[in-house]
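What follows is calculated from the coordinates using simple rules that are stated; it is not laboratory data. Fair warning: this is a prediction, and the values are worked out from it, not measured in the lab. Don't worry about glycine lacking a Cβ; one is built from the backbone with ideal geometry, like all the others, and counts go over all protein chains shown.
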Amino acid sequence: MIGAGHAGLAASRFLTDRSIDHVVLERGDVANSWRRERWDSLRLLTPNWQSRLPGLAYDGPEPDGYMSAGEVAALIDRFARVANAPVRTQTAVTSVRPAADRYDVTTSAGGFRCRCVLLASGACNVASVPGVSAGVPPSIAQFTPFDYRNPDRLPEGGVLVVGGSATGVQLAAEIHQSGRPVTLSVGEHVRLPRTYRGRDVLWWMDASGLWNQRYDEIDDLTRARRLPSPQLVGTPQRSTLDLNALTAMGVALVGRLATIRDGRALFSGGLRNVFALADLKMERLLATFDEWARATGRDTDVAAPERFEPTRVPAASPLQLDLRAGAIRSIVWATGFHPDYGWLDVPVLDEKGQLRHDGGVVDAPGLYALGLPVLRRRKSTFIHGIEDDARDVIDHLAGYLAGESALASRA
Amino acid sequence: MATMAVNNGVNVQALLDAREALKGAPEAAKFTWKASCKWQNGTHSESKVKGFFGLGQEQAHKTETSFSADHPEIFASEDKGVTPVEYMLVGLASCLTAGVAAVAQNRGIQLRSVESNVEGKMDIRGILGIDSDVRNGYDDIKVTFKIDADASKKEIEALVAQSQKRSAVYDVITNPVNVTVEVV
């Protein structure tokens with residue numbers, strides 16, 4: 001297993017259950033990215049009762065709360081101990097290379113030869129920063145979610161946050177509250193209320209079975225896998241952090257950042273339509289929940305259906321900002337993440353650098369993956385989503401090993 | 001939904017097949033659209049459109065189409081055709097309308113009528129050079145659709161939203177594009 005996050009450790013647990021000899025290689029410490037690569041205020045989008053791992057349910061005092069990054073790290077630590085996972089920390093993988101019917105794995109602490117390799121190194125190793133950032137004037141400080149910690153580390157003055165998914169809306173809100181005027185550049189996004197009919201919106205995703213939808217039942221899997229994270233934040237108030245909430249705070253909304261030309265950021269004039277698309281999709285989703293509640297007789301367990309105000313279109317939204325004029329002093333790129341496979345010397349990446357896999361079974365014998373968006377189910381990248389995926393992938397892996405052994409014994 | 005009975009005259013299967021085919025052939029997907037323009041007199045010009053490039057080779061429309069462009073008499077012109085900025089409105093409306101039909105077909109929605117009005121607001125102090133703070137082009141464009149179809153209001157709104165999302169003209173109007181103008 002490469003990576004001792006929740007995915008690698010869940011896989012380890014199922015391998016241990018089957019008495020399959022394995023090792024979990026970790027470049028740093030268990031749950032490394034939760035310890036070192038998250039901003040200070042980050043909390044999970046999922047409520048605590050959903051933060052369960054195979055054989056480890058949430059047993060704390062606040063089932064409806066949301067874990068901080070430190071609490072997630074502690075949870076994963078505890079899971080590593082409960083699962084008795086054979087983790088080698090401070091062991092960074094530098095290459096994985098096919099060698100006949102095995103893989104040679106080189107690390108900072110020696111080499112391994114193994115029959116199977118499972119990639120559980122995460123989907124968010126590198127911040128995806130668009131190429132237009134090359135045109136940002138040198139006077140502007142630039143941050144990604146990896147080097148952003150809190151607003152105090154930003155220069156005084158205006159901030160342009162690029163990206164309207166969970167990261168973008170959360171950082172826009174907290175930076176704006178620090179007294180730095182924020183402009184948020186918004187492209188296509190996923191709008192969700194924090195609670196719906198009195199329940200966490202992710203309760204609905206779970207209970208209605210939507211999150212369990214399998215990858216091979218989804219019409220447009222490529223699109224589902226590229227879907228940005230929903231505009232949600234985990235706070236004690238369980239408040240909604242959609243664009244209307246940001247507008248009410250005083251955050252200025254502009255269209256998708258199209259390019260930077262001669263020091264000017266140019267924004268799309270299509271803001272209305274990205275609002276309309278997000279509003280329509282949210283309404284369709286909520287109607288699906290209502291229909292499920294009716295069909296399953298849950299209507300009386302929950303509050304009455306709610307409908308939300310359409311996203312308010314700003315009266316005047318600038319189509320360009322002069323980045324040399326001084327109003328903007330820093331830019332935060334909340335434009336997504338991608339995995340780092342620089343160490344993977346196996347030809348299994350497509351032309352866009354994505355892993356070619358079928359539900360975590362990678363396009364090379366004995367190579368597997370976990371923890372990628374909609375790997376096997378819509379819930380794949382959420383903490384609780386790993387259990388079913390890890391079980392399925394380890395089932396396949398065990399079958400592969402058994403097949404290989406059968407071949408070997410016949411030979 | 002009675003998908004089989006729906007006929008908006010759009011061959012969605014051909015479009016979906018093309019999408020699949022071009023996934024593996026990105027070079028064939030590179031198109032060049034062309035027009036040629038000839039000055040007549042004053043602000044009057046005649047443009048012709050026939051050939052284009054795509055699927056790896058030169059292609060052509062069945063017939064050549066001519067477009068007269070001019071300015072109205074209140075601009076001291078002879079008004080031998082519509083203004084170039086009006087052609088942009090034609091481009092936007094027709095692109096969105098084609099999108100509505102294609103998306104409706106794909107979603108199994110029978111259209112009965114699709115009509116739209118387009119209005120582009122422009123402050124001509126820009127093009128006249130009266131005030132350099134006023135831009136030359138449109139500062140606001142509004143398209144209003146009236147659609148009669150076998151669908152709810154929300155479904156119709158979703159059709160129009162999806163059509164904008166996939167419209168080439170909407171994209172090129174709302175986002176900047178590099179433009180090279182040279183003399184040979």
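Mean partner shielding of peptide A:268-276, defined as the number of other chain Cβ atoms within 10 Å of each residue Cβ, is 5. From the Cα gyration tensor of the protein assembly as shown, with a ≥ b ≥ c the square roots of its eigenvalues, which class applies: rounded if a/c is under 1.5, or else prolate if a/b is larger than b/c, or else oblate? Judged from the Cα gyration tensor, the protein assembly as shown comes out prolate (a/c at least 1.5, a/b above b/c). Applying the Kirkwood pairwise sum to the alpha-carbon positions of chain B produces a hydrodynamic radius of 19.4 angstrom.
Overall shape: oblate for the stretch A:99-230, with the ratio a/c of the largest to smallest alpha carbon gyration tensor axis at 1.5 or above and b/c at least equal to a/b. Taking every alpha-carbon pair under 8 Å whose residues sit at least 6 apart, chain A reaches a relative contact order of 22 percent.
Seen from A:ALA265, the other residues with C-beta closer than 15 Å to its C-beta sum to a net charge of +3, counting Lys and Arg as +1 and Asp and Glu as -1. Taking the Cα centre of the stretch A:1-130 as origin and assigning +1 to Lys and Arg Cβ atoms and -1 to Asp and Glu Cβ atoms, the resulting dipole is close to 400 debye. Sorted ascending by nearby beta carbons within 10 Å, beginning with the fewest, A:MET67, A:MET1 become A:MET67, A:MET1.
What's the local net charge at A:PHE112, with K and R +1, D and E -1, over the other residues with C-beta under 14 Å away? Taking every Cβ under 14 Å from that of A:PHE112, the sum is +2. Largest GNM mean-square fluctuation across A:VAL30, A:VAL136, A:VAL182, computed for chain A with C-alpha springs under 10 Å, falls on A:VAL136. Using C-alpha pairs below 8 Å separated by at least 6 residues, the relative contact order for the stretch A:305-411 is 13 percent. The orientation-averaged projection of the convex hull spanning the C-alpha atoms of the stretch A:128-333 amounts to 12.6 square nanometres. Considering only A:HIS22, A:LEU407, A:THR222, the residue lying farthest towards the positive end of the dipole of chain A is A:THR222, judged by Cα position with unit charges set on Cβ.
Shape verdict for the stretch B:83-174, please, from the Cα gyration tensor: rounded (a/c under 1.5), prolate (a/b greater than b/c) or oblate. Prolate, because a/c is 1.5 or more and a/b exceeds b/c. Counting only Cβ charges, +1 for Lys and Arg and -1 for Asp and Glu, the dipole size of the protein assembly as shown around its Cα centre is about 720 debye.
Taking the charge dipole of the stretch B:83-174 about its Cα centre, with +1 at Lys and Arg Cβ atoms and -1 at Asp and Glu Cβ atoms, the residue from B:PRO84, B:VAL118, B:LEU128 reaching farthest to the positive side is B:VAL118. The local environment of A:GLY360, defined by Cβ-Cβ distances under 9 Å, has a net charge of -2 under the rule Lys, Arg +1 and Asp, Glu -1.
Peptide A:255-261 shows a mean partner chain C-beta count of 2 within 10 Å per residue C-beta.
Once you average over the residues of B:164-173, how many Cβ atoms of partner chains fall within 10 Å of each Cβ?
That average works out to 2.
Across chain B, Cα pairs under 8 Å and at least six residues apart give a relative contact order of 17 percent.
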